[in-house]
Amino acid sequence: MDFTHFLRLIHAESERLAKHYPCDSMDRETFARAVKLGEEVGELFSEILKHSALQRKEKMQGYDKDKESLAEEFADVIITSLLLAERMNIDIESALTKKMEKIEKRYE
């Protein structure tokens, strides 16, 4: 996967979401995307509990321990995070580069 292509997809999805779910202000749209990120993180946590067999019995019924649904929840969190960053005009590519450099310096 090419990261630049991925970021173009995020930008296009951001524009589609803004048209499909119009908000009367940037603050409301930012808030809506932040809440959506919280929802996606919750779904990831639930999937991790299921995958680890730590979820309540009633939520485990019918659960097939495959990694596909777990991977999908991770992808949802990443995409939703990037959509929120896009809405807040964050240059995520630059931010990731700086963060990677910072992490690498820890081990020099």
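The values are calculated or read from the model by the stated rules, or taken from the named source; none is laboratory data. As the structure is a computational prediction, the values presented were derived from the model and not from experiment. Glycine also receives a Cβ, built like all others from the backbone with ideal geometry; neighbour counts cover every protein chain displayed.
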Original post:
Looking at the range 44-80, which of the residues that are modelled with pLDDT of 95 or more and either outside any helix (DSSP H, G or I) or touching a helix residue (DSSP H, G or I) at 6+ places or on another chain (Cβ under 6 Å) (or both) is nearest to residue 9 (Cα to Cα)?
Top reply: 80
Original post:
Given the residues 2, 27, which is the only one that is exposed (fewer than 13 other Cβ atoms within 10 Å of the Cβ) and either in contact with a His (Cβ under 9 Å, 6 or more places away or on another chain) or farther than 23 Å from residue 94 by Cβ (or both)?
Top reply: 27
**OP:** Please identify the pairs in which a residue from the range 91-108 that is within 22 Å of residue 10 (Cβ to Cβ) has its Cβ atom under 6 Å from the Cβ atom of a residue that is of a type in the set (Gly, Ala, Ser) and at pLDDT 95 or above, counting only partners at least 6 apart or on another chain.
**Re:** 92/85
Subject >> Set 7, 44, 83: member being touching a Ser or Thr at 6+ places or on another chain (Cβ under 8 Å) and either surrounded by 10 or more Cβ atoms within 10 Å (Cβ to Cβ) or not charged (D, E, K, R) (or both) >> reply: 83
Original post:
Looking at 99, 19, which one is loosely packed, with under 13 Cβ neighbours inside 10 Å and either of a type in the set (A, V, I, L, M, F, W, C) or more than 19 Å from the chain's Cα centre (by Cα) (or both)?
Top reply: 19
Subject >> Test: residue in the range 8-17 that is part of a helix (DSSP H, G or I), under 15 Å from residue 83 (Cα atoms) and basic (Lys, Arg) >> reply: yes
